[in-house]
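First comes the structure, then the notes that go with it.
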Amino acid sequence: MHNLIQSYIGTKFAFPWWKLMFDLALSAVRTAVRDQRGRKEVNIKNHTRVKKIFGGEIEDSRVLDGIMLNKDITHLTMRRRIENLRIILLDCGLEGKTGCGYVAILVFKPDLVNTEKGVSDLAHHYLLKGNVTALRHARKTNNNRVTRAVGATFVSRVDDINESDVSTKCGLCEIEKITDALRYFSFKTKCEDPKACTILRRSPSKDILNEIERNIQVAIEIERKVFFPPPVSY
């Protein structure tokens, strides 16, 4: 496999970093594997995401054992670093005018609530009382990757939350600012047996970022077809 990847990247710009490209592609393929009716499938498009961040060195690129999103906390006093956290994923908003639903969330003692909709001021009041961090307005596709990474279940109504819907497989959540990008990002890493991942790529030039992205994508396809060849019909 090393010789196969090296022979392809040998004529490309990323040849000096071919070993790094090999490790990134291999980690992404192994993470995205799932059993489908007795055979293994790799859905690179839906279960892996390449995140390009301008700045830094090419050697800073890595595959996260979890998911990275371009999201910041909704209130300045919320925690930015949480270890061994409990996560609740919602595809509904926290915008009700009564506090009954918010109290129902606090019963399960979550550390992080991730919702696709908005979070009202009243919801912030109850979440801050329970020392809960909230992330809002997340895309559906990104939340699907979060679900596979942390093992949580989407809940459509706050009243329908069960203990089985709460994820405890995420070891660390950090919301930090990357200086080169001038934006805040949330990192959900150290996940237990993640089935989705983020490939974080760094480079001092945007042109180099785009070129390396093409090389990584082809390396991923090569390794996917070698390790998990498609079925052959006779």
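The values are calculated or read from the model by the stated rules, or taken from the named source; none is laboratory data. Just so you know, these numbers come straight off a predicted model, no measurement behind them. FYI the Cβ positions are ideal-geometry reconstructions off the backbone, even for glycines, and counts take in every protein chain you see.
For region 78-94, state whether one or more residues are surrounded by 16 or more Cβ atoms within 10 Å (Cβ to Cβ) and under 12 Å from CYS197 (Cα atoms). Within region 78-94, none of the residues are surrounded by 16 or more Cβ atoms within 10 Å (Cβ to Cβ) and under 12 Å from CYS197 (Cα atoms).
Out of the residues in region 34-77 that are in contact with a His (Cβ under 9 Å, 6 or more places away or on another chain) and surrounded by fewer than 17 Cβ atoms within 10 Å (Cβ to Cβ), which is modelled with the highest pLDDT? Spell out how you get there, then give the answer.
We begin by selecting, within region 34-77, every residue in contact with a His (Cβ under 9 Å, 6 or more places away or on another chain); these are 34, 71, 74-75.
If we keep only those that are surrounded by fewer than 17 Cβ atoms within 10 Å (Cβ to Cβ) too, we end up with 34, 75.
Working: ARG34: 75, HIS75: 89.
It comes out as HIS75.
Screening the candidates GLY93, GLY130, GLY101, GLY66 for the property of being in contact with a Cys (Cβ under 6 Å, 6 or more places away or on another chain) and closer than 23 Å to SER164 by Cα yields one hit, GLY66. Meeting the requirement of 2 or more residues that are of a type in the set (Lys, Arg), the strands (runs of 3 or more DSSP E) wholly within region 45-162 are 48-54. Answer yes or no as to whether LEU135 is surrounded by 14 or more Cβ atoms within 10 Å (Cβ to Cβ), farther than 27 Å from ALA32 by Cα and among the hydrophobic types (A, V, I, L, M, F, W, C). Considered against the rule, which asks whether it is surrounded by 14 or more Cβ atoms within 10 Å (Cβ to Cβ), farther than 27 Å from ALA32 by Cα and among the hydrophobic types (A, V, I, L, M, F, W, C), LEU135 comes out as no. Being surrounded by 14 or more Cβ atoms within 10 Å (Cβ to Cβ), in a strand (DSSP E or B), hydroxyl-bearing (Ser, Thr, Tyr) and not assigned by TED's automatic domain parsing to the domain that holds CYS92 is a condition met by no residue of region 165-177. Every condition in (1) in contact with a helix residue (DSSP H, G or I) (Cβ under 6 Å, 6 or more places away or on another chain); (2) among the hydrophobic types (A, V, I, L, M, F, W, C); (3) surrounded by 16 or more Cβ atoms within 10 Å (Cβ to Cβ) is met by ALA104 except one, and the failing one is (3).
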